[in-house]
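The values are calculated or read from the model by the stated rules, or taken from the named source; none is laboratory data. Bear in mind the structure is a predicted one, so any value in this text is a computation, not a measurement. Cβ coordinates were reconstructed from backbone atoms using ideal geometry, including for glycine residues, and neighbour counts include every protein chain displayed.
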Amino acid sequence: MTRSGKSDTPHSENASPSAHLQTQTDAMFKVQGETLEQIDKIQRSWFECLRSEVDSAGSFAARMSQCKNPSEAAELYREWLDRRLESIAEDGRRFAEQWQAMCSTSLRPLYPAMQNGRLDGESDAEAEAPRQQSASA
């Protein structure tokens, strides 16, 4: 409160421009920090996927070199390919979730009404409707 009894918070009509600018700058740095943390998480996840793939390929090559006949090699290849396709799908889902979280954080200052993935006052059903429509398209 100021001496006149009015609030000096950045959201009040009487806030100084420098206080408002400081609040906006602090908010921007906070969002940038959160975005960089999420980028770091995506990067670490991606490197973990690569490390896992290198390990899997090395194990596959070692096991393949011990196969005694073509049918054994074909069965081993089928098993490895099944695991690899599952891994690719899981990596894609994880990356999409992390990317969406990063984009939501980055865009939050542009859409202040957006909270927890929905507009203020929007019900769960209203928030889910566009996702269901895009999924069925």
For this session: State the number of residues belonging to the range 47-103 that are among the hydroxyl-bearing types (S, T, Y) and closer than 30 Å to V31 by Cα.
Result: 0
Problem set entry | Residue, surrounded by the fewest Cβ atoms within 10 Å (Cβ to Cβ), within the range 58-100, restricted to residues that are among the basic types (K, R) and closer than 30 Å to I39 by Cα | R93
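So which residues in the range 13-57 are part of a loop (DSSP other than H, G, I, E, B) and either at pLDDT 90 or above or surrounded by 14 or more Cβ atoms within 10 Å (Cβ to Cβ) (or both)? First the steps, then the outcome.
First pass over the range 13-57, keeping only residues part of a loop (DSSP other than H, G, I, E, B): 13-16.
A15, the sole residue that qualifies.
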Exercise. Here are S71, S87: which of them is at pLDDT 85 or above and touching an Asp or Glu at 6+ places or on another chain (Cβ under 9 Å)?
Worked result: S87
